[in-house]
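Taking it in order: structure first as structure tokens, then the write-up.
The values are calculated or read from the model by the stated rules, or taken from the named source; none is laboratory data. Bear in mind the structure is a predicted one, so any value in this text is a computation, not a measurement. Reconstructed Cβ throughout: ideal geometry from the backbone, glycine too, with neighbour counts over all protein chains shown. The accessibility values were calculated without ligands, DNA or RNA, using every heavy atom of the protein model including side chains. Shrake-Rupley method; radii C 1.70, N 1.55, O 1.52, S 1.80 Å.
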Amino acid sequence: DRLPTMSKSRDLYKKAKSIIPGGTQLLSKRPELFLPDYWPSYYSRGKGCQIWDLDDNSYLDMSYMGIGSCPLGYADEDVDSAVIDAVQRGNMTTLNVPEEVELAELLCDLHPWADMVRYARTGGEAVAVAIRIARAYSGKDIILFGGYHGWCDWYLSSNFQEKSNLDKVHLAGLEPNGVPRVLKGTSYPFYYNDTKSFKKLIEKYGKKVGGVIIESVRAKDPDKEFIDTIRDLTREYGIPLIIDEISAGWRLNPGGAHLVYEIHPDIAVFAKGMSNGYPMAAVIGKSSIMEAAQTSFISSTYWTDRIGPVAAIATINKLTRVKAYEKMIYAGKQIKTLWVELGLKHGLDIHVSGIDPIAHFVFNHTNPLVLKTLFTQFMLERGILASTAFYASYA
């Protein structure tokens, strides 16, 4: 009875499920993952870390902050001002926008090992571009991966080899329906920080591997032996090493978390937080490898719009200027500490993980999803959007 009235959202989501397969465009935004029938599915506006739903209920967002896309907070005035100016000057014409050169220089200045940049607008497609470049450079097909890297065919095809492959590295139950079965045997997973599982794959497929991709950091910091082994063996076999910074980038430092952990990639991929809620993604890398993009067809009209680069430049400059990463690290540490203290106080066995700005916890219980749902309900009654993850923001 203490839950806010949200009839407009419920009615709209009911309609959505009849005309949109799955109801939403993003799995992570499906209300059923939070609080079935009572999660406020739609927003009318957002500002800072507040969201208003269609019934004008106000919530403090202590959950995913736009699924990690808004490290400065919602409707940041500096970023929005730059975007409004870009819109007024024309977002798209027959010619190219000069800001894409400015952004490339900024990204390479922040990552001195990188020489060249290509753009996309979403994380999944940017990773697909990086995979294409690596294969074009190496002339080989097999990709070895650790962690989550999007929805594309190259990734989901791993579940043809073994149906539970992706269960082990990200999410259970992902079906590769619609993916060509001829891709079976072109991608294989290994566990993050499991040196043995990576070495086993290299020993078996090394001469056929066209690229290796890992996230810069997962639930735990990267183990030095793990990272050194990957770097040494990829160099030995001439395999491009790709670092996926889509989740971790900009949250520990100005740029990629690989700089913090002293990982030395050939290619790095950015999206999400680099443009604070506006579609933008970048693939940066060494010129010797990036030039291979010219030997393949990698091209799309809306990769040339103005809003994306302008939003990214404004976001990166502000994240750096205000040292937003310091505040995100501090906030995440505070939340993780509170989770542990309150778990002990109330006799709840929980396990906390994740880098400080992207914190997670799980209930160690026979029915963890029941407790997760109940927790979400109790928080919603208090006007707080919450789940078992907390993405910190500058707001």
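Couple of notes before you dig in:
- Filtered residues of segment 291-341 (kept if closer than 24 Å to Gly354 by Cα and polar (S, T, N, Q)): Thr315, Thr320, Gln334, Thr337
- Residue check, Gly354 within 19 Å of the chain's Cα centre (by Cα) and either on the phi > 0 side of the Ramachandran plot or open to solvent by 80 Å² or more (accessible area, probe 1.4 Å) (or both): yes
- Hits in segment 328-347 (condition: open to solvent by 100 Å² or more (accessible area, probe 1.4 Å) and either closer than 15 Å to Met62 by Cα or not in a helix (DSSP H, G or I) (or both)): Tyr330, Lys333, His346
- Test: residue in segment 58-80 that is more than 29 Å from Leu171 (Cβ to Cβ), open to solvent by less than 60 Å² (accessible area, probe 1.4 Å) and assigned to a helix (DSSP H, G or I): yes
- Residue within segment 33-53 that is of a type in the set (A, V, I, L, M), open to solvent by 60 Å² or more (accessible area, probe 1.4 Å), over 23 Å from Ala268 (Cβ atoms) and under 20 Å from the mean Cα position of the chain (by Cα) present: yes
- Residues (in contact with a helix residue (DSSP H, G or I) (Cβ under 6 Å, 6 or more places away or on another chain) and open to solvent by 90 Å² or more (accessible area, probe 1.4 Å)) located in segment 1-32: Arg2
- Single residue of Ala136, Ala130 found to be in contact with a Ser or Thr (Cβ under 9 Å, 6 or more places away or on another chain) and in contact (Cβ under 8 Å) with a residue 60 or more places away in the chain: Ala136
- Listed by first and then second residue, the pairs linking a residue in segment 28-44 that is within 15 Å of Ser58 (Cα to Cα) to a residue that is in a helix (DSSP H, G or I), with Cβ atoms under 6 Å apart and 6 or more places separating them unless they lie on different chains, are Trp39/Pro31; Pro40/Ser9; Ser41/Ser9; Ser41/Tyr13; Ser41/Pro31; Tyr42/Ser9; Tyr42/Leu12.
- Segment 85-117, residues that are surrounded by 12 or more Cβ atoms within 10 Å (Cβ to Cβ), of a type in the set (Gly, Ala, Ser) and farther than 19 Å from Ile267 by Cα: Ala86
- Selection of strands (runs of 3 or more DSSP E) fully inside segment 122-233 by the criterion of at least 2 residues being open to solvent by 20 Å² or more (accessible area, probe 1.4 Å) and of a type in the set (Asp, Glu) returns nothing.
- Counting only residues that are buried (at least 19 other Cβ atoms within 10 Å of the Cβ) and in a loop (DSSP other than H, G, I, E, B), segment 362-394 holds 6 of them.
- For Asp153, the criteria (1) under 19 Å from Ile202 (Cβ atoms); (2) acidic (Asp, Glu); (3) touching a residue at least 12 places away in the same chain (Cβ under 8 Å) hold in every case but one, which is (1).
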